[in-house]
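A.B. asks: Sharing a structure below in structure tokens format, with a few things to ask.
Quick note: the coordinates plus some simple rules give every number you see, no bench work behind them. Values in this document were obtained by computation on a predicted structure and should not be read as measured data. We place every Cβ from the backbone using ideal geometry, glycine too, and count neighbours over all the protein chains shown.
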Amino acid sequence: MFLQLLINGLVVGSGYALIAVGHTIIFGMMKIVNFAHGELYMIGAFFTFSFVLLFNNYYIGFLVAMVICILIAIFSEKVLFHRLIDEDIMTTTLITIGISIFLMNIVQILWGANPRTIPQPFSEKPVIIGDIFITKPRIFIFFTAIVIIGVLHWFIKYTKTGKAFRATFQNRQAALLVGININYIYTLSYTIGATVAGAAGGLLGMIYVIEPTMGVAAVGKAFAIVITAGKKSIYGAIFIAYGLGVIESLGSGYISSQYKDVFAFIILILVLLFKPEGIFGKKGA
Amino acid sequence: MNINSNIKYIIGILLLILLPFLINNEYLLHLLIMGGIYTLLVSGLNLIVGYIGQLSLCHPAFFGIGAYTTGLLFKRLSTPFLLNFLLAGIITAIISIGFGYITLRVRGSAFIIMTVSFLHIMHLLVLNEVDFTMGQKGISGIPNINILGYNFNTKTSYYYLILILCLFTLFIIYRLVNSEIGRAWKAIRDNENLAKSIGINVFKFSNFAFVSGAFIAGLAGSIYAYYINYISPDLFLFSITTTLLVMLIMGGKGTILGPVIGAIIFTLLPEYLRFISEWRMPVFGVILILGILFFPRGLFSIKEILSMKMKKKEVSS
Amino acid sequence: MLKVENIAVNYEETRALKDISLEIKEGEIVSIIGSNGAGKSTTLKAISGIVGLQSGNIEFKDKKINNLSPEEIVKAGISHCPEGRQLWPDMTVLENLEMGAFIRENSESIQKDIQETFDLFPILKGKEKQTAGSLSGGEQQALAVARALMSNPQLLLFDEPSLGLAPQLIKDIFNKIQLLRDEGKTILLVEQNANIALKTSDRTYVIEKGEVVLHGKSEELIENQEVKEIYLGM
């Protein structure tokens, strides 16, 4: 039971990690409280759904959906999000809530509200190890998330653009002074953050129901994770995301499945009360 | 307030009193009653958003708590209206004190997230504690209001009740905003650190605004339960938050009459745009975005913007 | 080499610079002194393109640079070492230096310059893998100067290099600045510490309330009665 719940939790945590990484990047880099972030997760799932049906192949469908996500991200950064950098929090929150409502309802009109799942390419037979029981899509989701996070880590840590990204993240003015084009870095950051969230949608949509309101629930979790981790900590957010997945899984197994969505907020409230700068945050940062 | 504007207000109030005789349309009267309930909600939300400058997204939760307090008191104990009405306000206020005590220590994004979470948790509780709240089914069969034998069984009677409640609430808010308390609120909104440095207890004043707003929402919820005779967990949906925000922003936050204008316009408008019914929410989304971008101080500011442009022209010519 | 003509700048909704003109010839060390809030830092920010001009002109090597982005200005050969060092605290010393060379392409010559940096600033030796945030104040200032050098600039702008440093370390940094000039760099520095600025530089501009109130050879200004009273505290 325990191991089974732990593994389920890590799979859910993979999804949370992908959403939260993007959220941290956008929040930390552009200081935008982005309520529309969950909508990219939702849109990623719906586009994957439609393209998988169109091409009759999950992998092609997923990749095409990601290309669409990238284009949407670039467009929305250039047109709207770029203007929100450094705007006060009330303005950015209200505008991104507006974007969120707009996208959610547009998807509802175009695709309809009835819940569905993305057709998955694997055999129905689960993998059984001892008394643990894992379906193949879950294994695929877990390892794909690890690969995406790994690539992201490599990019940020070792490439020149990745270093420029970190430099802008840590001190924008210094980045300007050494000749980094920070507008390019912003577009790049938003695109990465949004697309990674879209990927989470395209992956988790295989094991969960996709519906237009899924983004709202996701963005709440993403916020809880980012604030718990300490706002500017990308790796902290990943760690907390997996942790939250496990806690929710254990909590719904041992305590109550109806209230599994509450755990994130209880943790958040405790963190804000006792360590308001976040678990991995720095005081005064 | 000079005599001239006093007369304007008196004429306005007289018009509102005569309105039911003038329109003679049950459905329009119903919309006006809903507009009145929204006026109460948005005016309460305005205290924390417009005067303190903290964005609260959980206002529908207080409305819902008021409605459920009323519904449950009636269902379980069959207590009379006045008691239920007052208890709805008081219990909502007590819950908001507890919540505000924890969350108003933080500002900005953390506060915003806590309020969304609170709304979400309340929704889950009402949905899942079926034995207590009747879950998704909701509570039906709440009777009409009965005060000392007088039965509110017409739309007109509810209209006057809401009208009195709105006028009274707006008057209290007007007095509050123009008192020492209101000045402290605005000082906090404009510069929290400065407010702190001149000895304003930011936490206490923020809490007071927050709890006052919640108290009004609780009362509104109670009236709503009696008026519609039915309540459900849908009262705790985020879409209501959105509607309230559109009303507040477009009406003009941080003003007394802005919430009234916003509430009335955005109660009536969607009903008369029925043909776009499924596009209502996306349109609200766009209105919110454009409203913030172009009219950050509400539709009223159109007049200001226009007159400013005129002045500029005069100066340049 | 650099010509600043009658520039005015609004910064955070107040007029930070009213009318500043100055000129720097190749191989000079020029300093700007003045009291707090006089507009010294803003002048440097205007030159490096971080704040926009309201009016006026800036020319570098006879080319207008008013409307260039900070990126293009760095590429043109101006490097700005900002007040308060502005390092990237969670990046290593090596990464900070690499990023200083962001606009350069040839990685071989960058590696060579990084090696030279450690010869020029021996206190950074052996700390390549340490994060900038873990360095001491003197080491951080050395790293900030070293980072500014990495773009291979012809003109270096220094903003308050003495800030927060012990007297011995201040001396070190200013010795380095003179050394850089001897190697062919041109230097414009802004200092609160008028004494050391006047002693290090060839010429000095005194700025008050966004305007140049006095300028001349440093060795002459140091004898000026007004300068002595107001800025040297004698």
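A.B. asks: Please give every one of the lysines within straight-line cross-link reach of A:LYS221, meaning a C-alpha to C-alpha distance under 16 Å, and leave out same-chain neighbours fewer than 8 residues apart.
C.D. replies: Cross-link targets: A:LYS231, A:LYS260.
A.B. asks: Based on Cβ point charges of +1 for Lys and Arg and -1 for Asp and Glu, what charge dipole magnitude is obtained for region B:21-316 about its Cα centre, in debye rounded to the nearest 20? Each step should come with its number before you reach the end.
C.D. replies: Working: 21 positive and 11 negative charges, 165 e Å.
That gives region B:21-316 a dipole magnitude of about 800 debye.
A.B. asks: Using the C-alpha gyration tensor of region B:21-316, what are the square roots of 5 times its eigenvalues, in whole angstrom, with the largest one first? Present the calculation step by step, with values, prior to reporting the outcome.
C.D. replies: Numbers: eigenvalues 194, 120, 70 Å².
With the √(5λ) rule applied to region B:21-316, the semi-axes are 31, 25, 19 Å.
A.B. asks: Now, a different point. Can you give me the span-like helices of chain C, meaning DSSP H runs with 15 Å or more of Cα extent along the axis and Kyte-Doolittle mean at or above -1.0?
C.D. replies: Numbers: long enough: C:107-120 (19 Å, -0.83); C:137-149 (18 Å, 0.25); C:167-182 (23 Å, -0.23).
Correct list, ordered by number: C:107-120, C:137-149, C:167-182.
A.B. asks: Go ahead and set up a Gaussian network model of chain A, Cα springs under 10 Å, then flag whichever of A:VAL52, A:VAL178, A:VAL216 fluctuates most.
C.D. replies: Largest GNM mean-square fluctuation: A:VAL178.
A.B. asks: Could you work out, residue by residue across A:82-92, how many beta carbons of other chains sit within 10 Å of that residue's beta carbon, and then give the average as an integer?
C.D. replies: Details: counts 0, 1, 1, 0, 0, 1, 2, 8, 10, 4, 2.
Partner-chain Cβ atoms within 10 Å, mean over residues of A:82-92: 3.
A.B. asks: Of C:ILE50, B:GLY71, A:PRO137, which is farthest on the positive side of the dipole of the protein assembly as shown, counting Cα position, with +1 on Lys and Arg Cβ, -1 on Asp and Glu Cβ, and the Cα centre as origin?
C.D. replies: Farthest along the dipole direction, towards plus: B:GLY71.
A.B. asks: Averaged over its residues, how many other protein chain Cβ atoms are within 10 Å of peptide C:85-92's Cβ atoms? All intermediate terms of the calculation are to be shown ahead of the outcome.
C.D. replies: Numbers: counts 2, 9, 4, 10, 4, 8, 6, 0.
Mean inter-chain Cβ contacts per residue within 10 Å come to 5.
A.B. asks: Now a separate question. If I fit a long axis through the Cα atoms of helix A:234-254 and take the longest principal axis of the Cα atoms of chain A, what angle between them do I get, 0 to 90°, rounded to 10?
C.D. replies: With rounding to tens, the tilt is 30 degrees.
A.B. asks: Report Rg(Cα)/(2.2 N^0.38 Å) for chain C, keeping two decimals. Don't jump to the answer; show the numbers that get you there.
C.D. replies: Numbers: Rg = 17.3 Å, N = 234, 2.2 N^0.38 = 17.5 Å.
Normalised Cα radius of gyration, chain C: 0.99.
A.B. asks: Name the helices (complete DSSP H segments) of chain B with a Cα length along the long axis of 27 Å or more and a Kyte-Doolittle mean of at least 1.0, or state none. Spell out each step's value before the answer.
C.D. replies: Values: long enough: B:3-23 (29 Å, 2.00); B:26-46 (29 Å, 1.25); B:81-103 (32 Å, 2.00); B:109-128 (28 Å, 1.80); B:155-177 (32 Å, 1.62); B:202-228 (38 Å, 1.25).
Flagged H segments are B:3-23, B:26-46, B:81-103, B:109-128, B:155-177, B:202-228.
A.B. asks: How far is helix A:263-274 tilted off the main Cα axis of chain A, in degrees rounded to 10, range 0 to 90?
C.D. replies: Roughly 40 degrees between the two axes.
A.B. asks: Can you give the Rg and Dmax of region A:1-60 based on its C-alpha atoms, in angstrom?
C.D. replies: Considering region A:1-60 through its Cα atoms, Rg and Dmax are 15.3, 42 Å.
A.B. asks: Using DSSP to call loops (not H, G, I, E or B), can you name the GluC sites (Glu not before Pro) in region C:157-220 whose Cβ has at most 12 other Cβ atoms within 10 angstrom?
C.D. replies: On the way: sites: C:GLU183, C:GLU191, C:GLU208, C:GLU211, C:GLU219, C:GLU220; in loops: C:GLU183.
Answer in residue order: C:GLU183.
A.B. asks: With a/c under 1.5 counting as rounded, go ahead and sort region A:2-223 into rounded, prolate or oblate using the C-alpha gyration tensor (a ≥ b ≥ c being the square roots of the eigenvalues; past the cut-off, prolate if a/b is larger than b/c, else oblate).
C.D. replies: Details: a/c = 1.98, a/b = 1.46, b/c = 1.36.
Note, shape of region A:2-223 comes out prolate.
A.B. asks: Could you tell me what a quarter of the Cα convex hull surface of region B:1-45 works out to, in nm² with one decimal place?
C.D. replies: On the way: hull surface 15.7 nm².
Dividing the Cα hull surface by four gives the mean projection, 3.9 nm².
A.B. asks: Still on this structure, I have one more. Magnitude of the Cβ-charge dipole of region A:2-223, K/R +1 and D/E -1, about the Cα centre, nearest 20 debye? Show your work: numbers first, answer last.
C.D. replies: On the way: 13 positive and 8 negative charges, 107 e Å.
Using Cβ point charges on Lys, Arg, Asp and Glu, region A:2-223 gives about 520 debye.
A.B. asks: Still on this structure, I have one more. Pick from A:MET214, A:MET29, A:MET90: which residue has the top mean-square fluctuation in a GNM of chain A where Cα pairs under 10 Å get a spring?
C.D. replies: A:MET90
A.B. asks: Out of A:LEU40, A:LEU63, A:LEU176, any idea which swings most in a Gaussian network model of chain A, alpha carbons joined below 10 Å?
C.D. replies: A:LEU176
A.B. asks: Hey, what angle do you get for helix A:89-111 against the long axis of chain A, alpha-carbon based, 0 to 90 degrees rounded to 10?
C.D. replies: With both axes taken from Cα atoms, the answer is about 40 degrees.
A.B. asks: Quick one: grab the alpha carbon gyration tensor of region A:177-285, order the square roots of its eigenvalues as a ≥ b ≥ c, and give me rounded if a/c is under 1.5, else prolate or oblate depending on whether a/b is larger than b/c.
C.D. replies: Numbers: a/c = 2.76, a/b = 1.29, b/c = 2.14.
Taking the square roots of the gyration eigenvalues as a ≥ b ≥ c, region A:177-285 is oblate.
A.B. asks: Of A:ALA113, A:ILE185, A:LEU5, which is farthest on the positive side of the dipole of region A:2-223, counting Cα position, with +1 on Lys and Arg Cβ, -1 on Asp and Glu Cβ, and the Cα centre as origin?
C.D. replies: Farthest towards the positive pole: A:ILE185.
A.B. asks: Sorted by packing (mean other beta-carbon atoms within 10 Å per residue), highest first, where do C:163-173, B:288-298, B:8-18 land? If you can, show how the numbers build up before the last one.
C.D. replies: On the way: C:163-173: 14.9, B:288-298: 17.9, B:8-18: 11.4.
Those peptides, ordered most packed to least, come out B:288-298, C:163-173, B:8-18.
A.B. asks: May I pose another question? Report, as an integer, the average count of C-beta atoms from other chains found within 10 Å of each Cβ along B:160-166.
C.D. replies: On the way: counts 0, 0, 0, 0, 0, 0, 0.
Partner Cβ neighbours, averaged per residue: 0.
A.B. asks: Assuming a ≥ b ≥ c are the square roots of the Cα gyration tensor eigenvalues, decide whether the protein assembly as shown counts as rounded (a/c under 1.5), prolate (otherwise, with a/b larger than b/c) or oblate.
C.D. replies: Details: a/c = 2.39, a/b = 1.50, b/c = 1.59.
It is oblate, given that a/c is not under 1.5 and a/b is not larger than b/c.
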